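Here is the structure we will look at.
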Amino acid sequence: MRLVQLLTLIAFGALALASPTPARQQGGPPMGLQLGGDRPVVMDVMVSGLTAHDADQVVRLLGIEVGQPIPNSISAAQKRLWSDFRILVAQGGYLFQEVEGGVRVRLKFIESPVDLDPRFVGNNNFDVKRLREWAQLDDRVEVYVDEADKIAERIRTAYLRQGYYFVEVEPRFSGEGGVRYQEIIFEIREGPKVYVKDVQVLGNESIPEIGFLFWKQSLEKSASLGTKGRGLFAWWGHRFVEQVVEEDVVAISEVYRDRGYLDAVVGYDVEFNEDRSGVKVTFRIDEGEPYTVSSVSLKAFEKEMVELTPGGRKEAEYREVELSLPEEELRSLLSLQPGVTYEAVRVALDAQSMRDRYGEEGHIDAGSFDDPTRTAGWAFLAPELVYDVENKTVAVTYRIQEGRRFFLRYFEVEGNETTKDHVIRRRFAQLEGERVDSGELRDGLRRVRATGYFDDQYAQGAHPPPSLRYRPVEGEPDLVDAVVKVKEGRTINANFSGGVASDQGLVGIISLQVNNFDAKNLPSSALDTFGEVYRKEAFTGNDETFGIDLSPGSEVSYWRVFYSHPDFLQRYFDPLGLLFEVQARDRVFRSHDENKRFFRAALTRAFGQGDYQASVGFRTQSIRTDDLDRTVELPRTLVDSEGTEDYVGLTGSVSANFLDNRRLPRSGWSARWTNSLYMRGLGSDANLWKSEASLDRYFHLSSDPDSAAPGIYLGLGGGLAVPFDEDEGSVNYGERFFFGGSRFGRGFRFRGVGPYEGAYPLGGETFLRATTEYRVPLYTQPVPGTSRSRELFRGSLFVDAGVLDPEAYQVDFDQTRVSAGFALGMIEPFPVTFSFGWPIASEAQDERQTFAFSLTLR
């Protein structure tokens with residue numbers, strides 16, 4: 001019985017795939033019936049073989065209708081019947097009989113057997129719903145018998161992905177041969193779930209395992225192996241999936257090839273334990289020798305799309321042409337030189353260097369066009385490699401598709417529903433009519449992304465970052481339009497929160513921050529204000545910033561109002577900005593209470609499309625110091641500062657910002673130098689110059705700028721507070737510098753770093769500081785619809801070092817403090833940071849504090 005059923009299935013498949021014989025009888029007109037210019041009319045149709053389908057509907061699907069001429073061919077319709085309904089026209093089942101007025105059509109069909117409800121047995125660990133999902137049955141009620149083997153293989157493949165290496169899935173049938181309705185039972189023998197107990201790599205002499213924890217470097221890490229053994233959170237091991245092991249073999253091979261080991265051979269062995277529930281995977285590597293570069297040459301090509309058949313598919317052909325740039329100039333850009341090991345990273349660097357150089361000359365990367373198949377774009381083609389196996393050398397020929405030079409016709413912005421065009425346009429230095437500079441346009445795109453106006457970290461779906469594409473101009477082969485595509489992001493942040501910090505105690509925060517603010521874009525009415533602001537119909541779109549903060553707390557209370565306009569005179573490419581800020585802060589220290597009032601107004605000037613900025617303005621500040629701790633000896637600087645002191649003067653700053661994102665930077669750098677000059681002639685109680693400088697550098701350790709990957713942060717800073725009259729004495733305690741706490745000097749108590757005078761720190765008039773951090777994403781979440789991931793939890797290793805000197809212009813490096821430790825921080829949905837630091841270099845009076853934390857609940 002089983003043999004009969006299998007033969008029936010084979011017959012169905014053969015009928016579906018084979019071309020019927022004779023061809024004219026099956027797909028064309030019937031034998032013996034000649035079709036001239038007028039085809040005979042169908043007078044009658046006789047159907048046999050259909051039991052589960054409507055005969056009239058099936059005949060219509062073949063294009064045969066009573067009263068209409070015979071169709072020229074039913075071949076295409078036959079294929080649709082099989083693919084959609086599993087119905088075959090039987091061999092010799094399409095016949096004609098001449099009758100008065102036309103022909104009678106006789107059709108004989110074969111229907112594939114179906115099972116209305118397949119059953120599963122032996123599935124001890126997964127329910128039927130899961131099995132139907134794996135089988136891709138969804139809500140189908142009919143399963144064709146000829147699909148049984150494919151369904152069984154889908155189920156088996158899904159079991160293998162779950163670690164059931166020994167699973168067997170076999171379809172079994174019930175019912176007599178020739179009976180249409182059969183029962184399909186999928187018999188499953190799951191076997192044990194297999195866990196990887198150990199992973200061993202042998203033969204990796206050139207890539208040994210070194211380091212530990214976050215600093216660990218190994219072949220497993222370089223290849224991002226998916227096969228993993230026991231771990232801290234997987235004591236029983238990770239599930240064994242042979243497909244993943246095979247993918248790891250390919251990944252290891254690619255790592256070796258990228259490092260010049262072009263002959264490396266990678267294989268693997270598996271060794272199961274007695275009950276087959278555990279396995280040891282051993283990767284075996286025969287590295288061979290690395291290949292060195294014997295020569296490097298460059299060739300330029302012109303791309304042409306050639307039709308393989310008239311009006312059909314096209315194929316690219318490349319014709320060698322002369323280099324448009326001097327070869328020696330291009331060679332000077334290359335890192336791959338004769339004598340060095342052939343490495344993929346060098347090839348990638350060379351490709352980028354040449355892409356940048358050609359971009360300066362108006363060449364546009366082919367992948368940046370709306371149509372990436374365009375022949376006029378620049379492309380780095382796969383290098384031509386000629387191997388000398390005996391001497392282990394390789395001759396490299398870089399192949400470049402140069403394309404043509406382009407000029408910019410128009411600059412367009414798409415997707416900015418609320419943001420004004422000029423907000424985006426002024427961040428690009430490229431002007432219409434100029435030769436395209438791809439590098440400058442990429443810098444402009446970086447500036448647009450850095451604004452954060454087109455980010456939405458809370459978006460549930462995909463929120464694409466701003467992109468730059470080029471659109472060719474029809475009829476003008478040397479012109480293109482640059483199109484920046486954006487999607488409006490989250491620019492209004494309302495925060496009602498409470499939190500606790502080791503440096504500040506309990507705090508409450510009420511804040512409203514509106515980026516990309518527009519003070520002139522008023523709501524239609526007072527009642528509609530909140531709705532229109534939420535929908536970005538009011539107070540948004542002009543690159544201004546407005547913020548209000550109110551924070552009562554147990555140790556620190558403050559309020560702040562801030563407004564800035566980057567171009568209040570509407571000069572666009574030569575902007576002059578305006579800034580206002582007013583702030584009050586009350587702080588309870590262990591040694592005293594401090595109350596500060598602050599106001600600042602300044603003019604700002606942006607240079608280089610906003611990469612550089614300078615400001616000059618007016619500043620007032622009032623500091624009241626009272627409620628001193630008289631129970632202990634106090635620093636003289638604190639005692640001298642008791643009471644109220646007002647400062648009035650000028651302020652100025654210069655800054656540079658080349659960060660990829662100002663809210664959560666991953667790469668780039670920023671620098672800032674600020675100065676405040678308080679003078680008695682302007683109404684100040686003291687003459688004081690205060691200056692601070694900082695430099696922050698971020699390194700993203702991934703070729704994908706949008707990926708959540710490890711990174712390095714370097715921070716440098718320094719400052720001076722100088723009274724510039726001989727009779728001024730020391731600087732007010734509230735204007736001096738201090739170290740220690742969760743922000744800098746982790747491992748020391750807040751303001752716990754000396755030199756001390758009495759029971760409390762003296763504070764410094766000069767400081768230098770440096771921070772190094774290695775940051776690693778500990779938990780990420782995929783962004784739906786993209787290949788990107790969002791970092792939610794981060795770990796870091798840090799070293800803080802700094803020196804405070806109580807005198808201006810003095811630095812005693814013997815007083816340097818150093819601490820090191822690690823930090824764990826949640827980035828989203830609310831920021832929380834736990835720091836654990838230990839002093840490495842300290843003094844006896846310094847107050848230590850290993851644990852510091854800050855937490856904000858939204």
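Taking the numbered list (1) outside any strand (DSSP E or B); (2) open to solvent by less than 40 Å² (accessible area, probe 1.4 Å); (3) farther than 30 Å from Gly610 by Cα in turn, Arg590 passes all entries but (2). The number of residues in region 648-658 being buried (at least 18 other Cβ atoms within 10 Å of the Cβ) and in contact with a Leu (Cβ under 8 Å, 6 or more places away or on another chain) comes to 3. Taking first residues from region 437-456 that are polar (S, T, N, Q) and partners that are at pLDDT 90 or above and open to solvent by 20 Å² or more (accessible area, probe 1.4 Å), the Cβ contacts under 7 Å between residues at least 6 apart in sequence or on separate chains come to Ser438/Asp365.
Please specify each residue of region 116-165 satisfying the condition of being open to solvent by less than 40 Å² (accessible area, probe 1.4 Å) and part of a helix (DSSP H, G or I). Answer for region 116-165, where residues must be open to solvent by less than 40 Å² (accessible area, probe 1.4 Å) and part of a helix (DSSP H, G or I): Leu131, Trp134, Val145, Glu147, Ala148, Ile151, Ala152, Ile155, Ala158, Tyr159. On the basis of being closer than 28 Å to Asp481 by Cα, in contact (Cβ under 8 Å) with a residue 40 or more places away in the chain and touching a Leu at 6+ places or on another chain (Cβ under 9 Å), does Tyr342 make the cut? No; evaluated as a whole, the condition is false for this residue. So which of Val514, Val507, Val533 is touching a Ser or Thr at 6+ places or on another chain (Cβ under 6 Å), open to solvent by less than 50 Å² (accessible area, probe 1.4 Å) and either among the polar types (S, T, N, Q) or closer than 27 Å to Asn661 by Cβ (or both)? Step by step, each of Val514, Val507, Val533 is checked, and only Val507 is touching a Ser or Thr at 6+ places or on another chain (Cβ under 6 Å), open to solvent by less than 50 Å² (accessible area, probe 1.4 Å) and either among the polar types (S, T, N, Q) or closer than 27 Å to Asn661 by Cβ (or both).
Within region 298-314, the set of residues being at pLDDT 95 or above and either under 20 Å from Arg257 (Cβ atoms) or open to solvent by 40 Å² or more (accessible area, probe 1.4 Å) (or both) comprises just one member, Lys299. A count restricted to region 606-647 and to residues that are assigned to a strand (DSSP E or B), surrounded by 15 or more Cβ atoms within 10 Å (Cβ to Cβ) and of a type outside the set (A, V, I, L, M) stands at 13. May I ask you to verify whether Leu720 is touching a residue at least 12 places away in the same chain (Cβ under 8 Å), within 28 Å of Ala801 (Cβ to Cβ) and open to solvent by less than 20 Å² (accessible area, probe 1.4 Å)? In short, no. Scanning region 232-245 for residues that are open to solvent by 30 Å² or more (accessible area, probe 1.4 Å) and either closer than 17 Å to Arg276 by Cα or free of Cβ contacts under 8 Å to residues at least 12 places away in the same chain (or both) gives Leu232, Phe233, Trp235, Trp236, His238, Arg239, Glu242. Across region 245-296, which residue is farthest from Leu385 (Cα to Cα) among those that are aromatic (Phe, Trp, Tyr) and assigned to a strand (DSSP E or B)? Applying the filter and picking the extreme gives Phe272. Within region 377-416, the set of residues being among the hydroxyl-bearing types (Ser, Thr, Tyr) and open to solvent by less than 50 Å² (accessible area, probe 1.4 Å) comprises Thr393, Thr397, Tyr398. Counting only residues that are in contact with a helix residue (DSSP H, G or I) (Cβ under 8 Å, 6 or more places away or on another chain) and of a type in the set (Lys, Arg), region 635-665 holds 1 of them. Condition first: assigned to a strand (DSSP E or B) and of a type in the set (D, E, K, R). Now tell me which residues in region 736-786 satisfy that. Those that are assigned to a strand (DSSP E or B) and of a type in the set (D, E, K, R): Glu757, Arg769, Glu773, Arg775. Reported count of residues in region 659-691, each being open to solvent by 70 Å² or more (accessible area, probe 1.4 Å), under 35 Å from the mean Cα position of the chain (by Cα) and free of Cβ contacts under 8 Å to residues at least 60 places away in the same chain, is 3. Within region 335-354, being touching a Gly at 6+ places or on another chain (Cβ under 9 Å) and either part of a helix (DSSP H, G or I) or farther than 17 Å from Tyr261 by Cβ (or both) holds for one residue alone: Ala344.
If the condition is being in contact with a helix residue (DSSP H, G or I) (Cβ under 7 Å, 6 or more places away or on another chain), of a type in the set (Val, Ile, Thr) and either open to solvent by 50 Å² or more (accessible area, probe 1.4 Å) or in a loop (DSSP other than H, G, I, E, B) (or both), then region 36-75 contributes only Val47.
The values are calculated or read from the model by the stated rules, or taken from the named source; none is laboratory data. Since we're looking at a predicted model, the values are computed, not measured. Heads up, the Cβs are rebuilt from the backbone with ideal geometry, glycines too, and the neighbour counts pull from every protein chain shown. Surface accessibility is based on the protein's heavy atoms, side chains included, excluding ligands, DNA and RNA. Shrake-Rupley method; radii C 1.70, N 1.55, O 1.52, S 1.80 Å.
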